[in-house]
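*Asks:* Pasting in a structure now, in structure tokens, and then I'll have a few things to ask.
Read-outs throughout are calculated quantities, based only on the coordinates presented, and are distinct from any laboratory measurement. Treat the numbers as computed from the prediction; the structure is a model and nothing was measured. Here the Cβ positions follow ideal geometry from the backbone for every residue, glycine too, while neighbour counts run over all protein chains shown.
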Amino acid sequence: MDLWTNISLGFSQAISLQNLAYCFIGALYGTVIGVLPGIGPLVGISILLPITYSLPPVSAVVMLAGIYYGSAYGGSTCSILVNTPGESSAVVTCFDGYQMAVQGRAKAALATAAIGSFFAGTLATVAIMFLAMPIARLGIKFTPAEYFSLLLLALTMVGTLTTESPVKGLFTTLVGLLLSTVGMDLQTGRVRFAFGSQWLIEGVDFIVVAIGLFAISEVLVQAELVQKFGLQKREQISGRYWITMEELKQSFMPYVRGTVIGFLIGVLPGAGSTPATFFSYAVEKKSSKHPERFGKGAIEGVAGPEAANNAANQGALVPLLTLGIPGSATTAVMLGAFMIYGIQPGPLLFEKDPAFVWTIIASMYIGNIILLILNLPLVNIFAKLLDLPAALLSSMVLTFCTIGVYSIRFAVFDVFLMIIFGIVGYFMRKHDYPAAPLLLALVLGEMMEQGLRRALTLSNGDWTVFVTRPISLGLLSISALSLLYSVIKYLRGKKRLA
Amino acid sequence: MKTVQHRVYRVWIVAALLLIGIGMGAAGAVLAADYPGKSMLMIAPSKPGSGFDTTMRAVVLALTQEKLVQAPMTVMNMAGSVPGTAQIVLRYSNDPNMIAVMSTTGSLNYATGLSPYYHKDWKPIARLISAYYGIFVRQDSPYKNLGDLIKDLKNNPGGTPLSGGYSDDRLCYGALFSKAGVDITKINYAAFAGGVESAGVVLEGSAKALVSTIDDVMGLLESKQLRLLAVSPGKRMEGPLLKDIPTFREAGVDLEWDNFRYILGGKGMPDYAVKYWQGTLTKMVKTPTWQGMIKKYRWGDSLLVEGIDKFLDEKQVVITDVVKKLGMDKKAKK
């Protein structure tokens with residue numbers, strides 16, 4: 001079928017006033033739920049679903065897609081401004097984004113996040129247009145064995161997340177892995193390390209730990225500063241300067257690399273955007289000439305992961321549309337919604353209903369433009385938040401975090417957990433124990449373990465499955481090489497010092 | 001599965017619900033004639049977008065659009081079925097203005113010892129819908145029928161891995177293959193978040209067959225990526241893709257299986273409230289809105305009002321038995 005006829009057909013429908021309006025509403029609503037800590041696209045879409053039943057299917061899907069990728073735009077805002085990751089995929093943005101804000105470069109950080117999201121969103125849409133089918137078929141080749149090897153590779157990147165002692169990094173990684181084993185084990189249906197608590201059956205919620213370690217510990221640090229120095233007039237750190245040409249230039253290659261990494265990981269059903277952001281960060285730091293700048297406000301550390309996040313979100317639509325297999329909890333809800341509209345995603349969708357598919361694709365181009373126009377002016381407004389007195393800003397953060405964490409599942413238990421992790425995080429900071437490896441291990445640990453167990457179940461306990469499958473073998477080799485490289489570099493550095 | 005993306009509810013709903021809860025506790029019982037009078041709390045003990053959640057929201061939509069209930073109805077999500085049922089029992093037992101949805105999962109959690117509560121700890125009102133299971137293979141699989149698969153599971157269990165959901169789907173394969181005389185403790189079963197998520201390894205070829213509710217993977221069946229060997233209801237199903245597929249019984253295994261969802265109230269729910277909901281739900285399932293919804297979701301219409309307690313009693317016995325055979329009842333504690 002002719003691509004250009006299809007895409008022009010798509011645009012002609014997407015540009016109708018009604019669809020443009022729904023695209024805008026979706027994008028706006030998506031941005032808002034992205035900005036609010038804790039509220040993600042999953043809840044946003046679930047709540048709105050009943051309303052969409054009465055819309056024409058195309059408009060409804062255009063709107064859902066708008067919410068879906070719109071939320072990825074807003075996700076970085078709280079990470080940058082108040083060190084509070086709203087979603088797991090926004091954790092990485094805290095590392096350098098918040099440091100940039102502290103240095104008065106909040107606007108540059110917010111702008112590079114918005115532009116990177118636009119860049120990745122648009123490029124990933126092009127990729128969906130041309131490559132959806134072949135890439136989806138490749139995604140199927142990823143069995144549990146490959147997932148395990150991929151996640152192991154991600155975990156070997158932990159070293160790049162730590163600036164201080166590697167031993168401390170290793171220690172917090174292990175704590176994270178330990179935490180990831182809490183809760184129900186899918187393979188046996190048994191519950192581990194819950195100590196009789198019904199709230200731990202589903203495990204330790206990642207976002208509770210992330211908000212505790214980042215946001216609550218930051219509030220404690222601010223409180224300590226106020227204690228020591230009193231309530232001084234805070235210097236205006238919202239930053240006068242918009243993103244500079246120099247910074248844009250620095251961001252460009254991270255955008256490209258982030259988009260490629262994000263899209264490739266996004267199309268794997270079940271991988272999600274969080275590993276993509278971690279991968280992108282690790283790649284940026286490894287490929288940088290000045291890795292020591294990372295964690296201290298390197299713009300590449302915001303640009304890459306933000307692009308990767310959006311590309312991964314977009315990529316997750318590939319298996320959904322082409323195979324009918326959802327890649328994440330959010331796309332699973334969207335699959336349910338499609339059924340209600342009478343649309344059956346799968347290989348036949350592109351043939352049976354080209355107008356539908358191409359209208360969605362066209363609407364993604366338009367939606368990304370809308371989001372860019374929407375988000376750039378917001379940068380100024382959001383950055384103003386930073387000019388609030390520390391005491392006021394900290395109380396606001398505390399309030400939002402508490403409400404956000406409580407309403408994940410209406411559990412006071414989670415609020416206490418958040419506070420405990422906040423206190424732990426405070427002392428970790430004081431003694432230079434990095435929190436990032438703990439979070440990475442917590443989010444990847446469960447996926448990695450399930451991958452390992454599933455792979456061994458399917459192979460009837462045969463361990464060679466990890467090295468006889470070419471993709472898995474390739475991934476394991478890269479992990480081994482990267483570890484070897486780190487060790488050699490470490491030893492050489494030691495020699496030079498001696 | 002612990003999802004990586006996280007979600008939070010709109011703040012004001014929390015506040016509103018708290019107020020409603022306090023109000024209800026203070027006001028005590030309402031008069032039968034006015035029932036429900038105040039707003040209803042509709043609990044979906046799982047996260048937004050889950051099966052419980054879609055069911056409850058569909059019920060609210062049908063009741064509202066068909067104007068069967070005048071009182072405002074608020075859907076409230078809870079964290080998973082185990083803490084969900086605990087909250088229902090501990091907090092809402094005497095609250096006539098709360099109803100909730102539950103499924104096979106409730107009986108499973110009780111059988112595995114995960115939850116100390118089961119259907120005798122609340123008041124079942126009516127079974128609404130059922131999802132039926134199918135045993136699926138890849139289009140080009142050598143298995144022609146269920147018997148072929150059973151033969152391989154008996155002779156070479158290690159080389160015949162299955163995939164499926166981690167929760168209720170286990171019960172179906174456990175019941176089916178133990179009935180067929182397979183040693184089910186030897187079966188390699190790779191568990192995923194749900195049916196459609198487990199389809200990947202079957203399409204790729206690592207798993208030989210998939211156990212899933214049919215509605216979950218209908219798209220893969222329509223696009224001829226998967227082939228259906230047998231279905232779980234008592235009689236054949238309707239539809240061009242399903243009418244020629246034998247039931248488990250026709251395929252030689254004497255078993256009927258389904259995953260049912262039912263509506264419940266607190267244990268202390270007064271009779272007039274139970275009667276009210278049984279009547280209202282019976283009316284609701286006949287409405288075009290509800291019929292349209294279950295057709296779109298591909299749910300099986302399986303209303304059961306009279307004898308729901310007996311049905312759940314019997315199901316509990318069967319499920320407990322399957323759980324024992326699967327070896328999942330270890331360390332069960334009340």
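*Asks:* Choose one of B:ALA33, A:THR402, A:LEU484: the residue whose Cα lies farthest towards the positive end of the charge dipole of the protein assembly as shown (beta-carbon charges +1 Lys, Arg; -1 Asp, Glu; about the Cα centre).
*Replies:* Of the candidates, A:LEU484 comes out farthest on the positive side.
*Asks:* Could you give the semi-axes, largest first, of the ellipsoid that matches region A:12-135, computed as the square roots of 5 times the alpha carbon gyration tensor eigenvalues and rounded to whole Å? Don't skip to the answer; put the middle values down first.
*Replies:* Working: eigenvalues 160, 61, 32 Å².
In descending order the semi-axes read 28, 17, 13 Å.
*Asks:* Provide the gained length on full extension for the span A:MET396 to A:VAL221, in nm with one decimal, where the gain is 0.36 nm per separating residue minus the Cα-Cα distance.
*Replies:* Numbers: separation 175, 0.36 × 175 = 63.00 nm, distance 1.49 nm.
Between A:MET396 and A:VAL221, full extension yields 61.5 nm more.
*Asks:* If you don't mind, there's one more thing I want to ask. Treat the count of other C-beta atoms within 10 Å as a stand-in for reagent exposure and order A:CYS78, B:CYS172 from fewest to most.
*Replies:* Numbers: A:CYS78 32, B:CYS172 26.
Result, fewest neighbours first: B:CYS172, A:CYS78.
*Asks:* State the volume of the convex hull built on the alpha-carbon positions of region A:77-126, expressed per residue in Å³ and rounded to an integer. Don't skip to the end; give the middle numbers.
*Replies:* Numbers: hull volume 3.1 nm³, N = 50.
With only Cα atoms used, region A:77-126 gives 61 Å³ per residue.
*Asks:* For the protein assembly as shown, give me the percentage of DSSP beta bridges that are antiparallel, rounded to the nearest 5 percent. Walk me through the numbers before you get to the answer.
*Replies:* Details: 27 of 43 bridges.
Rounded to the nearest five, the antiparallel share is 65 percent.
*Asks:* Additional query: With a Förster radius of 22 Å, plug the Cβ-Cβ distance of A:LYS489 and A:LYS296 into 1/(1 + (r/R0)^6) and report the FRET value to the nearest 0.05.
*Replies:* Numbers: r = 20 Å, r/R0 = 0.93.
Once rounded, the FRET efficiency stands at 0.60.
*Asks:* Which ordering of A:ARG492, A:ARG192, A:ARG409 is given by a fewest-first count of other beta-carbon atoms within 10 Å? Don't skip to the answer; put the middle values down first.
*Replies:* Numbers: A:ARG492 10, A:ARG192 14, A:ARG409 23.
Sorted ascending by nearby Cβ count, the order is A:ARG492, A:ARG192, A:ARG409.
*Asks:* Within region A:425-459, name every residue whose backbone N is under 13 Å away from a label modeled 7 Å from Cα of A:LYS228 along the Cβ vector.
*Replies:* A:430-431
*Asks:* A follow-up question, please. For chain B, what is the relative contact order in percent, using Cα pairs closer than 8 Å and at least 6 residues apart in sequence? Present the calculation step by step, with values, prior to reporting the outcome.
*Replies:* Details: 575 pairs, mean separation 85.4, N = 334.
Result for chain B is 26 percent.
*Asks:* Evaluate the relative contact order of chain A (contact order divided by residue number), counting alpha-carbon pairs under 8 angstrom at least 6 apart; express in whole percent. Before the final figure, lay out each step's value.
*Replies:* Numbers: 886 pairs, mean separation 138.4, N = 498.
For chain A, the relative contact order is 28 percent.
*Asks:* Distance in nm between label sites at A:ASP387 and B:LYS38, each 7 Å beyond Cα in the beta-carbon direction?
*Replies:* In this crude spin-label approximation the distance works out to 4.7 nm.
*Asks:* Using helices alone, what [θ] at 222 nm do you get for chain A, with -39,500 (n - 2.57) per DSSP H run of 4 or more residues, divided over all residues and rounded to the nearest 500?
*Replies:* Working: 24 runs with 366 residues, N = 498.
Helix contribution divided over all residues of chain A: -24000 deg cm²/dmol.
*Asks:* Given N residues in region A:436-485, what is its alpha carbon radius of gyration divided by 2.2 N^0.38 Å?
*Replies:* Values: Rg = 12.7 Å, N = 50, 2.2 N^0.38 = 9.7 Å.
For region A:436-485, the normalised Cα radius of gyration comes out at 1.31.
*Asks:* Kindly provide the pair-distance distribution of region B:181-334 built from C-alpha pairs, with 10 Å bins from 0 and whole-percent values in order of increasing distance.
*Replies:* Percent of pairs per bin, in order: 8, 27, 35, 22, 7, 0.
*Asks:* I've got another one for you. Give me the distance in nm between label points sitting 7 Å out from Cα along the Cα-to-Cβ direction at B:LYS151 and B:ASP313, one decimal.
*Replies:* So the two model labels end up 4.3 nm from each other.
*Asks:* Rounded to the nearest 20 debye, what is the charge dipole size of region B:134-263 about its Cα centre when +1 sits on each Lys and Arg Cβ and -1 on each Asp and Glu Cβ?
*Replies:* On the way: 15 positive and 17 negative charges, 65 e Å.
In total the dipole reaches around 320 debye.
*Asks:* For region B:133-231, would you read off the P(r) tail past 17 Å as a percentage of all alpha carbon pairs?
*Replies:* On the way: 2014 of 4851 pairs.
More than 17 Å apart: 42 percent of the Cα pairs in region B:133-231.
*Asks:* For region A:153-225, take every pair of Cα atoms, bin their distances at 5 Å starting from 0, and report each bin as a whole percent.
*Replies:* 3, 13, 16, 18, 19, 16, 10, 3, 1, 0
*Asks:* Follow-up question, since we're still on this one. Looking at this model, which pairs from B:LYS123/B:LYS310; A:LYS141/B:LYS208; B:LYS144/B:LYS208; A:LYS141/B:LYS154; B:LYS179/B:LYS324; A:LYS249/A:LYS289 are more than 19 angstrom apart at the alpha-carbon? Each step should come with its number before you reach the end.
*Replies:* Values: B:LYS123/B:LYS310 12 Å; A:LYS141/B:LYS208 15 Å; B:LYS144/B:LYS208 13 Å; A:LYS141/B:LYS154 28 Å; B:LYS179/B:LYS324 14 Å; A:LYS249/A:LYS289 15 Å.
In this structure, A:LYS141/B:LYS154 lie more than 19 Å apart at Cα.
*Asks:* A further question on this structure: Projected onto the charge dipole of chain A (+1 at Lys/Arg Cβ, -1 at Asp/Glu Cβ, origin at the Cα centre), which of A:ILE67, A:PHE11, A:GLY422 gives the Cα projection farthest towards the positive end?
*Replies:* Value: A:GLY422.
*Asks:* Further question: Quick one: dipole size for the protein assembly as shown, taken about the Cα centre, charges +1 on Lys/Arg Cβ and -1 on Asp/Glu Cβ, in debye to the nearest 20.
*Replies:* On the way: 72 positive and 55 negative charges, 240 e Å.
Taking the Cα centre of the protein assembly as shown as origin, the dipole is about 1160 debye.
*Asks:* Continuing with the same structure: For the protein assembly as shown, max minus min Cα coordinate along each principal axis, in Å, sorted largest first?
*Replies:* 76, 65, 59
*Asks:* So for region A:3-497, Kirkwood radius off the Cα pairs, Stokes-Einstein at 10 °C and 1.306 mPa s: how many µm² s⁻¹? Could you put the intermediate results ahead of the total?
*Replies:* Details: Rh = 23.1 Å.
In µm²/s, the coefficient is 69.
*Asks:* In debye to the nearest 20, how big a dipole does chain A give about its Cα centre with +1 on each Lys and Arg Cβ and -1 on each Asp and Glu Cβ? List each step's numbers first, then the result.
*Replies:* On the way: 31 positive and 25 negative charges, 259 e Å.
Dipole of chain A, to the nearest 20 debye: 1240 debye.
*Asks:* Given the Cα-Cα distance of A:ARG190 and A:PHE171 and 0.36 nm per residue of separation, how much length would full extension add, in nm? Kindly include the intermediate steps, with their values, before the conclusion.
*Replies:* Values: separation 19, 0.36 × 19 = 6.84 nm, distance 2.71 nm.
Contour length minus the Cα-Cα distance gives 4.1 nm.
*Asks:* Which loop-located chymotrypsin sites (Phe, Trp or Tyr not before Pro) does region A:166-213 contain, where loop means any DSSP state but H, G, I, E or B and the Cβ has at most 11 other Cβ atoms within 10 Å?
*Replies:* Values: sites: A:PHE171, A:PHE193, A:PHE195, A:TRP199, A:PHE206; in loops: A:PHE193, A:PHE195.
Hits after loop and neighbour filter: A:PHE195.
*Asks:* Please list the non-local residues whose amide H lies under 5 Å from the amide H of A:ARG192, H modeled 1.01 Å from N, same-chain partners needing a gap of 5 or more.
*Replies:* The answer is A:GLY183, A:MET184, A:ASP185.
*Asks:* Using the beta-carbon distance between B:LYS286 and A:MET133 and R0 = 35 Å, what value does 1/(1 + (r/R0)^6) give for FRET efficiency, to the nearest 0.05? Could the numbers behind the result be given before it?
*Replies:* On the way: r = 44 Å, r/R0 = 1.25.
In this case the efficiency is close to 0.20.
*Asks:* Tell me which of B:ASN155, B:TYR166, B:ALA193 sits at the most positive position along the dipole axis of region B:133-231, charges placed on C-beta atoms (Lys, Arg +1; Asp, Glu -1).
*Replies:* Value computed over the given set: B:ASN155.
*Asks:* Now a separate question. Label A:ALA480 and A:ASN460 with points 7 Å out from Cα along Cα→Cβ: what is the distance between them in nm?
*Replies:* Going by the 7 Å Cα→Cβ label model, 2.7 nm.
*Asks:* Which of A:PHE421, B:PHE136 has the fewest other C-beta atoms within 10 Å, and how do the rest follow up to the most? All intermediate terms of the calculation are to be shown ahead of the outcome.
*Replies:* Values: A:PHE421 25, B:PHE136 28.
Lowest to highest Cβ neighbour count: A:PHE421, B:PHE136.
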